[in-house]
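The values are calculated or read from the model by the stated rules, or taken from the named source; none is laboratory data. These numbers were taken from a predicted model, which means no experiment stands behind them. Here the Cβ positions follow ideal geometry from the backbone for every residue, glycine too, while neighbour counts run over all protein chains shown. Side chains are part of the model used for accessible areas, which takes the heavy atoms of the whole protein and leaves out ligands, DNA and RNA. Shrake-Rupley method; radii C 1.70, N 1.55, O 1.52, S 1.80 Å.
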Amino acid sequence: MIYNTLGKTGLEVSRLGFGTMRLPTIGSNDNIDESEASKMLKYGIENGINIIDTAYPYHAEGLDGEGNSEIFLGKFLNENSLRDEIILQTKSPSWLIEQHSDFDYYLDEQLERLQTDYIDIYLLHSLNVPDWEKVRDLNVFDFLDDALSSGKIKHIGFSSHIEVDYLIEIIDEYPKWEVAMTQMNYLDEYYQSGVMGLDFLKQVNMGSMIMEPLRGGRLINNIPDEVNELWNMAEVKRTPVEWAFQYLWNRDDVDCVFSGMNNLEQVKENVKIASTEDIISENDQEIIREVARTYRTFLGNDCTRCGYCMPCPHGVDIINCLTEYNIAHMMGDPKASAMQYFSQIDDDSRADSCVQCMECIPFCTQMLNIPEELQKVYEYFGSEFDHF
Ligand code: SF4
Ligand code: SF4
């Protein structure tokens, strides 16, 4: 495993972090397959991963509820006497905070769920502009100061999908930020805070943590022929997963990349890549840029399958509707995607079930106008398979 210093925290972190939002489940998202998930975590830790990320809602049935990821992780760390061996990161559910006392309420509940009396890194979760303004007005800085003084939190930061201007504004308002988690991969250099955000974090010596390194799997699944042809032209042959991770680890402004791994094979593969020094040549960097340009010509929408918009109160399977539309565009095979769309998504969960209530829009991490995107899906696939 290769380690980096996480900005001004001074912590030495494995450059691959273990994300616990996509652990294996049985039946439903809130039912973690604890046996399999434990094997994955053990393998990762035994092979050098020393930082684990969770959050209040991970592995919940809905977006707002309390999930089971923290509870499982607390149990796992306690039973295996691993709490003090790893850097534990979780996040304050910013969207649930309604009054100042809620900050402490959720922190104390999370400490209990995680069976610990301290959090190594505590992030304000997924700050968007309204939530940022809300928590700032509720004196979040007083809460953070107190939590640091009491030792309940060792280091503080935030995660966010915002534009670089807001990222800088947030950082400028509080001198004690130490880390930020932003979205980055070779398709997203100029999306959200992108490369400019990473550059700013480096300038102010904040630790940079990356989410969406594989862009919701888009960079490794259903790869278009045009992209495979470009990869084949590279000086060094790499798998799509290697390209995605090594692109990030070749940047000197990236400290830790979180991957939400779903099975043991993924953990093994990612650990192996994270343990391999692989300098990407300038020629191969140009191939990556060309691959990004090629992908952009195919995309139907920017959905990353993060799931934050789900569940839709009207039963629309937003993720899979947008995904099938994307795959159809990327693969250039509308009939194959239509077959999936009509066979895998229930009648009343397809795009034409959207009633345009707009409730999902504030939750979209990619700032998509989801009902508008669903309308495009409906116009593309129609309401019956037979016209393909
Ligand atoms: S706008 Fe459509 S997809 Fe979004 S919550 Fe409402 S019905 Fe569901
Ligand atoms: S529509 Fe937005 S919130 Fe929903 S899964 Fe896609 S990117 Fe995530």
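Selection over region 243-262 of residues that are modelled with pLDDT of 95 or more and open to solvent by 60 Å² or more (accessible area, probe 1.4 Å) gives a count of 1. For region 350-373, a residue qualifies if it is farther than 23 Å from Ile162 by Cα and within 13 Å of ligand 2 (Cβ to nearest atom), and the qualifying residues are Ala351, Cys354. Scanning region 350-376 for residues that are open to solvent by 80 Å² or more (accessible area, probe 1.4 Å) and not in a helix (DSSP H, G or I) yields Val355, Gln356, Met358, Glu359, Met367. For beta carbons closer than 7 Å, sequence separation of 6+ or different chains, a first residue in region 27-38 that is crowded, with 16+ Cβ neighbours inside 10 Å and a second that is among the charged types (D, E, K, R), the qualifying pairs are Asn29/Glu61; Asp30/Glu61. Among the residues here, Ala338 does not qualify as open to solvent by less than 20 Å² (accessible area, probe 1.4 Å), outside the structural domain of Met233 (by TED's automatic domain parsing), in contact with a Leu (Cβ under 9 Å, 6 or more places away or on another chain) and not acidic (Asp, Glu). Does at least one position in region 159-166 carry a residue that is in contact with a helix residue (DSSP H, G or I) (Cβ under 8 Å, 6 or more places away or on another chain) and closer than 23 Å to Val13 by Cβ? Within region 159-166 (the criterion being in contact with a helix residue (DSSP H, G or I) (Cβ under 8 Å, 6 or more places away or on another chain) and closer than 23 Å to Val13 by Cβ), the answer is yes, since at least one residue qualifies. Considering region 39-75, and only residues there that are of a type in the set (Phe, Trp, Tyr) and open to solvent by less than 50 Å² (accessible area, probe 1.4 Å), the residue that is nearest to Pro93 (Cα to Cα) turns out to be Tyr56.
Within region 240-256, the set of residues being under 20 Å from Ile223 (Cβ atoms) and either in a strand (DSSP E or B) or touching a residue at least 24 places away in the same chain (Cβ under 8 Å) (or both) comprises Val241, Glu242, Trp243, Ala244, Phe245, Gln246, Tyr247, Leu248. Is it the case, given these coordinates, that Cys360 is modelled with pLDDT of 90 or more and on the phi < 0 side of the Ramachandran plot? Judged against the criteria, Cys360 is a match.
Just one of the listed residues (Val140, Val204, Val179) is among the aliphatic types (A, V, I, L, M) and surrounded by fewer than 17 Cβ atoms within 10 Å (Cβ to Cβ), and it is Val204.
Helices (runs of 4 or more DSSP H) fully within region 260-349 that include at least 1 residues being of a type outside the set (S, T, N, Q), away from ligand 2 (no atom under 16 Å from the Cβ) and over 19 Å from Leu187 (Cβ atoms): 264-274, 282-298, 334-344. Of Asp284, Asp347, Asp352, Asp302, all but one fail to be more than 24 Å from the chain's Cα centre (by Cα), at pLDDT below 95 and at negative phi; the exception is Asp347. Taking region 1-26 as the range and being assigned to a helix (DSSP H, G or I) and surrounded by fewer than 17 Cβ atoms within 10 Å (Cβ to Cβ) as the test, only Lys8 passes.
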